[in-house]
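Before any comments, here is the structure.
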Amino acid sequence: NLPELSAPRALAMLQASGRDIPFIIVSGGIDEGVAIQAMKAGAHDFLIKGALARLVPVVQRELREAATRAARRQAEDSLKESELRYRSVWENSTDAVLLMDLDGIIRFANPAVATVFGRDPDLVVGRTLDHLQPPLSKSGEWWLVARGTEVRVLEGVTVRDDGTSIPVEIAF
């Protein structure tokens, strides 16, 4: 019995610290309702002082789970960092870069699309590759090349929104 420190208060202090370490309540005098509330608030387990046979397995389990959570956070952070790095490369490229799904719908267009094609990248997203083809070309021509296995680079001419023709080399 510590009048200055209850299990819920200790749990709140741990959570405020931001550290992810197991919080196991071991008590002989805590009210069951308080223990249940502490578990709902984030305590990992509750043991009665007079029955500590489970203490070692509980501590081992909670340390494993804490290590798993830490590894998951590290993997998520690494993934976010990798995504930021790739996004930075794509967004700062002077080449127009498009990301298309398997149906040929453009899902990402970098800022260079404005310079190369004279089109607002945000207005290209959600459209098909036909949107960037020359007006007189067959619908789906570039997409057929993209889906083919023999040709990975297409050279041609397209027309910007202002009417100027521009040569393009498209690598799939």
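The values are calculated or read from the model by the stated rules, or taken from the named source; none is laboratory data. From a predicted model like this one, the values you see are computed outputs, not experimental measurements. With ideal geometry, Cβ positions are generated from the backbone for all residues, glycine too; neighbour counts draw on all protein chains shown. With ligands, DNA and RNA removed, areas are computed over all heavy atoms of the protein, side chains included. Shrake-Rupley method; radii C 1.70, N 1.55, O 1.52, S 1.80 Å.
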Exercise. Consider Gly104 against the criteria (1) out of contact with any His (no Cβ under 6 Å at 6 or more places or on another chain); (2) on the phi < 0 side of the Ramachandran plot; (3) surrounded by 15 or more Cβ atoms within 10 Å (Cβ to Cβ): it satisfies all of them except one. Which criterion is unmet?
Worked result: (2)
For this session: Report, by residue number, each residue of the stretch 1-44 that is of a type outside the set (Phe, Trp, Tyr), surrounded by 14 or more Cβ atoms within 10 Å (Cβ to Cβ) and assigned to a loop (DSSP other than H, G, I, E, B).
Result: Ser6, Asp20, Pro22, Ile30, Ala43, His44
Exercise. So, in the stretch 114-172, of the ones that are closer than 25 Å to Glu91 by Cβ and of a type in the set (Ser, Thr, Tyr), which residue ends up modelled with the lowest pLDDT?
Worked result: Thr158
For this session: Answer yes or no as to whether Ala109 is within 30 Å of Met13 (Cα to Cα), under 23 Å from the mean Cα position of the chain (by Cα) and at pLDDT 90 or above.
Result: no
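Working only within the stretch 116-127, note down all residues that are in contact (Cβ under 8 Å) with a residue 12 or more places away in the chain, open to solvent by less than 100 Å² (accessible area, probe 1.4 Å) and either among the basic types (Lys, Arg) or farther than 16 Å from Ala171 by Cα (or both).
First, pick out the residues of the stretch 116-127 that are in contact (Cβ under 8 Å) with a residue 12 or more places away in the chain: 116-119, 121-122, 124-127.
Okay, now just the ones that are also open to solvent by less than 100 Å² (accessible area, probe 1.4 Å), so 116-119, 121, 124-126.
Those that are in contact (Cβ under 8 Å) with a residue 12 or more places away in the chain, open to solvent by less than 100 Å² (accessible area, probe 1.4 Å) and either among the basic types (Lys, Arg) or farther than 16 Å from Ala171 by Cα (or both): Gly118, Arg119, Pro121, Val124, Val125, Gly126.
Inside the stretch 5-36, can you point out the residues that are touching a residue at least 40 places away in the same chain (Cβ under 8 Å) and either among the acidic types (Asp, Glu) or more than 22 Å from Arg61 (Cα to Cα) (or both)? Break it down stepwise before answering.
If we filter the stretch 5-36 for residues that are touching a residue at least 40 places away in the same chain (Cβ under 8 Å), which is where we start, we get 20-22.
Within the stretch 5-36, just Asp20 meets the criteria.
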Exercise. So how many residues does the stretch 82-98 have that are touching a Phe, Trp or Tyr at 6+ places or on another chain (Cβ under 8 Å) and part of a helix (DSSP H, G or I)?
Worked result: 1
Problem set entry | Filtered residue count, the stretch 116-172, keeping only those that are among the hydroxyl-bearing types (Ser, Thr, Tyr) and in contact with a Gly (Cβ under 9 Å, 6 or more places away or on another chain) | 3
Problem set entry | Number of positions in the stretch 128-172 that are open to solvent by 100 Å² or more (accessible area, probe 1.4 Å) and within 17 Å of Ala112 (Cβ to Cβ) | 4
Problem set entry | Unique residue being touching a residue at least 24 places away in the same chain (Cβ under 8 Å), over 30 Å from Asp20 (Cα atoms) and under 23 Å from the mean Cα position of the chain (by Cα) when the list is Leu98, Leu132 | Leu98
